[in-house]
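Here the structure is laid out as structure tokens; the discussion comes afterwards.
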Amino acid sequence: MKNIATIVAMAFLCFGCLFLPGTIHAADRALEQITEYGFIDWLNQKVYATGVGIAPQDKHNQTQAKTLAFRAAVVVAQRNLLEVIKGVYIDSQTRLENRIVSDDRIISKIKGIVRFSQVVDSQAIEDGAVRVTVSMPLSGKMGEVVVHAIEGPGARLSESIPPANVTDRLQQLEHRVSVLENKLSRLNQISAQQQSLIQLFAYLVETRHHHDHRRSGLMPVDLTSGNQTEILAHQLHQQEKQMASLYSRLNELSRRLEKLEQNAQAPSTPPVGQPSAPKHPYTGLIVDARDTGFRPSLRPGLYHLGELIYPGDNLNLPDAIRGGYVRYYTDRFQAQQSDRIGSLPYATKATGTHAGNRSLALDADAASTLRAIQSQPQNFLSQCRVVIIF
């Protein structure tokens, strides 16, 4: 019985060893060393850095010495974390530091955010020193700064991340309500002006009808001379021309207003002779980049014959801030189960890399499908619902 148990244990050990190299290899692909002190985990979109702290020599209290060494290690690790963030690739040719090296404001923001990094590991090493590892996600506040650095100062990120505490949320809601109230006030003013114009036209119409009924009594022949009669007739003729012009303008405005109201209520239809863009039921995109030599980056491009397909001009930057431009997987099954791409993703295989090894090339069929999807309002590409298997 004991021999049987030993044989079973050896069999399980050998079976597990068959899959161990693949697991380690997948982990190697997901973790990229950025500097000698840190790396990025592309699967979880997090950066890590380590630092070593040494307690002052004049501290004889061991507890106090360890505390001071720990604090020093955290400061060093956070400084190294800044260098790791600066060294992350945006695309094949550009690191993040190339976008922020001359912008002191962005560097100051990153330094401020790095102070809130999380300590994930702490170890006491020789001579009373302490090694600390800190981590921070490339999303949230850090994502806002990173995306701003990537997209440039013109990027509109004011509505990107909801405030963290109740007071800030209330202030933001009060501001949004105030903006809406101002818009409604302007609409009310326009509506009041419209009503005023309608009343004016109604008054003019009523005056003309009243004038038509009394016209015969305005020019008794026995009380006026021929010259005065001609002058009054000319004045009345001019008034009639003005009223006719006002009637014409009123009818034109009424026609235009009715047309605008009908267009606002009717569903949007393409112009005659122009076929509507085909509807696609897809909820996300999976790109299989295995066996292409692809390496992850913050903003990988998807190209066809040198033309950029994704990210496009209509990208919703708040979505990029919350979850990155893409999400990475090394396992096909996990990618297919990702909540990022919904229940019916469009899947395609990359034909190779583009302009280096951190962007991908797609075939003509995939490019045509994705272009059609981009023509739809609020499409999944604009919402960064893209995953890449590498």
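Here Gly87 clears all of (1) over 28 Å from Pro300 (Cα atoms); (2) of a type in the set (Gly, Ala, Ser); (3) modelled with pLDDT of 90 or more except the condition numbered (1). When residues in segment 295-305 are screened for being among the basic types (Lys, Arg) and either assigned to a helix (DSSP H, G or I) or surrounded by fewer than 19 Cβ atoms within 10 Å (Cβ to Cβ) (or both), 1 of them pass. Does segment 65-87 include one or more residues that are out of contact with any Cys (no Cβ under 7 Å at 6 or more places or on another chain) and not in a helix (DSSP H, G or I)? Scanning segment 65-87, I find at least one residue that is out of contact with any Cys (no Cβ under 7 Å at 6 or more places or on another chain) and not in a helix (DSSP H, G or I), so the answer is yes. Across segment 122-148, the qualifying residues are those that are touching a residue at least 60 places away in the same chain (Cβ under 8 Å) and in a strand (DSSP E or B), and the one among them that is farthest from Gly53 (Cα to Cα) is Pro137. Residues in segment 44-67 that are among the hydrophobic types (A, V, I, L, M, F, W, C) and crowded, with 18+ Cβ neighbours inside 10 Å: Val47, Ala49, Ala55, Ala65.
Of the residues screened, Leu308 is not one that is outside any strand (DSSP E or B), modelled with pLDDT of 95 or more and in contact with a Gly (Cβ under 8 Å, 6 or more places away or on another chain).
Evaluate segment 21-39: report whether one residue or more is polar (S, T, N, Q), modelled with pLDDT of 75 or more and under 24 Å from Gln334 (Cβ atoms).
Yes; the residues of segment 21-39 include at least one that is polar (S, T, N, Q), modelled with pLDDT of 75 or more and under 24 Å from Gln334 (Cβ atoms).
Taken over segment 68-112, residues that are loosely packed, with under 14 Cβ neighbours inside 10 Å, under 19 Å from Ser359 (Cα atoms) and touching a residue at least 40 places away in the same chain (Cβ under 8 Å) amount to 1. Determine whether segment 332-345 contains at least one residue that is among the aromatic types (Phe, Trp, Tyr) and surrounded by 13 or more Cβ atoms within 10 Å (Cβ to Cβ). Scanning segment 332-345, I find no residue that is among the aromatic types (Phe, Trp, Tyr) and surrounded by 13 or more Cβ atoms within 10 Å (Cβ to Cβ), so the answer is no.
Of all residue pairs spaced 6 or more apart or on separate chains, none has beta-carbon atoms under 6 Å together with a first member in segment 374-387 that is under 14 Å from Ile341 (Cβ atoms) and touching a residue at least 40 places away in the same chain (Cβ under 8 Å) and a second member that is aromatic (Phe, Trp, Tyr) and in a helix (DSSP H, G or I). The single condition among (1) touching a helix residue (DSSP H, G or I) at 6+ places or on another chain (Cβ under 9 Å); (2) under 12 Å from Val387 (Cα atoms); (3) among the hydrophobic types (A, V, I, L, M, F, W, C) that Leu362 does not meet is (2). Run Lys141 past the list (1) of a type in the set (D, E, K, R); (2) under 14 Å from Val47 (Cβ atoms); (3) crowded, with 21+ Cβ neighbours inside 10 Å and report the number of the one that doesn't hold. That leaves (3) as the condition not met.
The values are calculated or read from the model by the stated rules, or taken from the named source; none is laboratory data. Quick caveat, the model's predicted, so the values are computed rather than measured. No Cβ is skipped: glycine too gets one built from the backbone with ideal geometry, and neighbour counts run over all protein chains shown.
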